[in-house]
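> The structure under discussion is supplied below as structure tokens; questions concerning it will follow.
What follows draws every value from the coordinates through simple rules; no lab data is involved. This one's a predicted model, so the numbers in the text were calculated from it and none came from an experiment. Note: ideal-geometry Cβ built from the backbone for every residue, glycine included; neighbour counts use all protein chains shown.
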Amino acid sequence: MTKTNVVSITQARQFAFPPEVLATLEPGDEYLLWQTDDTIVLKKITQPLSFDALFQRIEALGPDPDQPTEAEICAIVKTIRHDRAQA
């Protein structure tokens, strides 16, 4: 989603963001700020997942239907070893 908004600078030299932008921001969010000449860019910093949160997401996905069986993995390894021995 891309939107263009006009942001004013107050007398206290603070940004005055439009209400629709402020409604999308959460207290504690952090942003990187780049400034070059006449351009300022803000990018939200996304925090990495904790291991617990990552494992919860993985478990919620359930088993991988495309996961090869142990026998299929053994056959793949055997083929690769055979190909390397021939090279």
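> Multiplying the sequence separation of ALA12 and GLN35 by 0.36 nm and subtracting their Cα-Cα distance, what value in nm do you get?
6.4 nm
> Please work out the C-alpha center-to-center distance from region 64-87 to region 2-36 and express it in whole Å.
54
> So, one more: Normalised by the residues of the chain, what does the relative contact order come to in percent, with Cα pairs under 8 Å and at least six apart?
Worked out over the chain, it gives 12 percent.
> Hey, another quick one. Through the Karplus equation 6.51 cos²θ - 1.76 cosθ + 1.60, θ set to phi - 60°, convert the phi angles of region 60-75 into ³J(HN,Hα) values in whole Hz; use x for Gly and Pro.
Values, residue by residue: 5, 6, x, x, 7, x, 9, 5, x, 6, 4, 5, 5, 5, 4, 5 Hz.
> Let me ask another. Using R₀ = 35 Å, calculate the FRET efficiency as 1/(1 + (r/R₀)^6) where r is the Cβ-Cβ separation of ILE80 and GLU59; round to 0.05.
Between ILE80 and GLU59 the formula returns 0.70.
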